[in-house]
1. Mind counting the residues in segment 116-166 that are part of a helix (DSSP H, G or I), of a type in the set (A, V, I, L, M, F, W, C) and farther than 19 Å from ASP180 by Cβ?
2. Which of the residues spanning segment 132-148 are surrounded by 16 or more Cβ atoms within 10 Å (Cβ to Cβ) and not aliphatic (A, V, I, L, M)?
3. Any residue in segment 112-137 that's over 21 Å from SER410 (Cβ atoms) and in contact (Cβ under 8 Å) with a residue 24 or more places away in the chain: show its pairings with residues that are in a helix (DSSP H, G or I) and small (Gly, Ala, Ser) at Cβ separation under 6 Å, as long as the two are six or more apart or on different chains.
4. Residues that are in contact (Cβ under 8 Å) with a residue 24 or more places away in the chain, open to solvent by less than 10 Å² (accessible area, probe 1.4 Å) and of a type outside the set (Gly, Ala, Ser), at least 3 per element: which helices (runs of 4 or more DSSP H) completely within segment 185-296 meet that?
5. Of THR151, THR163, which residue is at pLDDT below 95, open to solvent by 70 Å² or more (accessible area, probe 1.4 Å) and among the hydroxyl-bearing types (Ser, Thr, Tyr)?
6. Going by what's in this entry, would ALA176 be described as without any contact (Cβ under 8 Å) to a residue 60 or more places away in the chain, in a helix (DSSP H, G or I), more than 23 Å from ASP379 (Cα to Cα) and not acidic (Asp, Glu)?
7. Right, LEU365: part of a helix (DSSP H, G or I), within 21 Å of GLU313 (Cβ to Cβ) and aliphatic (A, V, I, L, M) or not?
8. Considering only segment 125-145, how many residues are within 16 Å of GLN246 (Cβ to Cβ) and touching a His at 6+ places or on another chain (Cβ under 9 Å)?
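The values are calculated or read from the model by the stated rules, or taken from the named source; none is laboratory data. Keep in mind that what you see is a predicted model, and the values were worked out from it rather than measured. Quick reminder, even Gly has a Cβ in these numbers, built from the backbone with ideal geometry, and neighbours come from all protein chains shown. Note: accessible area is taken over every heavy atom of the protein model, side chains too, but ligands, DNA and RNA are not part of it. Shrake-Rupley method; radii C 1.70, N 1.55, O 1.52, S 1.80 Å.
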Amino acid sequence: MVRFLRRGHSLDNNKTNPGSYHDTDSGHHQHHYLQRTGSSDTAEMPDSLANGATGTPPLPNGRAAAAGARNRLGRDGPPSELDTMKEKFAKLLLGEDMSGTGKGVSSALALSNAVTNLAASVFGEHRKLEPMAPDTKERWKREVGWLLSVTDHIVEFVPSRQTAENGTVMEIMSTAQRRDLAMNIPALRKLDAMLIGYMDNFVDQTEFWYEKGGDNKRDDDKWWMPTVKVPSEGLSDVTRKWLQYQKECINQVLKAAMAINAQVLVEMEIPEIYIESLPKKGKTSLGDAIYRSITEETFDPLEFLAGMDLSTEHKVLDLKNRIEASTVIWKRKMQTKDSKSSWSSIVSFEKREQFEERAETILHLLKLQFPGTPQSQLDISKIQYNRDVGYALLESYSRVLESLAYSVMSRIEDVLGADAAAQNLTASEAARRMLESGAAEAPSARKLDAKEELEKLNEAPASMTLFDFMGWHFDQDELMKRREDGTLDADAEAKLLKKAPSMAPTKKFSYVDSLSSGGMRSPSARH
């Protein structure tokens with residue numbers, strides 16, 4: 001109250017003596033501005049204070065603040081990298097709730113959404129076989145590095161030895177990065193770099209191109225994608241084999257990312273809200289026909305899938321949801337020893353375990369054959385209700401890399417399909433060509449192991465541009481002659497012994513590319 005009366009008194013004095021306004025009130029505002037900013041540099045002051053403006057009252061409805069913000073933006077230019085980083089982490093700390101009322105999502109889900117949205121904005125419009133733009137590539141590396149920096153501070157206690165000054169050795173507990181993060185984050189960063197490197201290989205391509213603007217008239221299920229064009233006689237044999245080689249390399253990255261993603265999802269806790277939504281019997285979830293097929297004495301997973309209608313993405317997802325639900329029900333029944341519990345079962349433990357193994361085998365085959373399908377209800381629930389920040393980052397990062405690898409493979413298949421059409425090849429002739437060049441093996445029921453897939457990548461040949469591939473292709477005869485003559489040096493011997501790139505094409509997936517539709521594969525219900 002006293003402060004109000006004193007301020008009114010100063011205003012009254014200003015009415016009678018306008019010249020005193022600058023000396024008192026302006027100095028008062030300058031003093032508080034310097035205290036708030038912690039700076040005495042007039043360049044940091046508002047224009048009205050630095051220039052010594054005399055008593056212009058603020059505009060109503062906050063227009064003066066808006067004008068000041070526009071002036072600062074015009075003077076300082078676009079936001080700096082530090083400002084962008086501050087804004088992103090502020091949103092993460094608020095849990096994507098800008099009102100600050102505490103109704104935001106958890107930190108784990110906020111980080112998962114941030115990785116997904118970043119990948120969608122960077123790769124969502126990348127619809128051609130071409131290198132990424134330098135600024136886009138730099139933005140991806142920079143901002144994904146910001147988000148992954150959180151994992152540097154997720155630690156666990158590990159035993160270690162410490163030697164004192166007097167030579168006494170003590171065993172103490174020290175902190176180290178959590179083991180799963182220390183192993184998988186560098187692996188995912190390597191997969192990321194490999195994928196971008198494979199995309200960079202498609203620079204200055206002249207044997208295929210894309211229609212522009214209104215000339216794009218694609219009638220298939222990917223009508224929004226640009227149409228690929230090849231010469232009237234088709235691709236050259238070298239280019240065709242090089243594209244198949246690139247596809248096989250990217251397929252190895254895809255399998256490694258899928259293995260890491262599946263491993264993380266298995267380790268995530270099943271939310272209670274998902275368990276409460278399940279029926280009490282696995283038969284109810286599966287249906288009579290599927291239940292009979294799984295519980296028969298003789299069971300072949302490939303025959304089972306061949307007898308199912310998997311013609312649409314919706315049907316594949318529905319089968320996956322049913323089998324995952326039954327697997328969770330059977331696990332609950334095996335873990336429940338109380339006969340009075342509603343989860344108890346009259347079927348023997350051995351039979352129930354056998355049914356679960358068969359269901360798991362079917363799930364692995366579905367993931368191998370249809371990697372582009374959306375996430376199941378179980379996966380969505382795990383991601384939505386997960387509270388482990390480390391798992392959230394591992395799952396989201398591996399998922400976006402999986403989607404990117406699948407997208408690039410689809411673009412390569414588009415070029416190979418245009419090549420087959422240019423040569424007037426029927427579907428049977430194209431299949432025969434694939435078999436002659438070395439057809440892909442039938443999907444195995446073996447579970448993908450992340451460590452094994454990464455070791456395969458380490459043994460695989462390095463990324464090769466079309467020029468490198470052509471050099472490798474045409475130098476072999478000359479090196480063999482030099483070897484027979486005994487004039488082959490050590491470097492040439494190593495080049496000759498280098499493993500030849502595999503020409504075996506992978507199984508073609510006919511389902512909608514989730515990345516091409518404008519976003520990465522992500523839970524449909526997040527909040």
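1. Number satisfying all stated conditions: 7.
2. Passing the criteria: ARG139, TRP140, GLU143, TRP146.
3. Filtered contacts from segment 112-137: SER112/ALA392; SER112/SER396; VAL115/SER396.
4. The helices (runs of 4 or more DSSP H) meeting that bar are 237-267.
5. THR163
6. no
7. So LEU365 fits the description; yes.
8. Residues flagged as within 16 Å of GLN246 (Cβ to Cβ) and touching a His at 6+ places or on another chain (Cβ under 9 Å) within segment 125-145 amount to 1.
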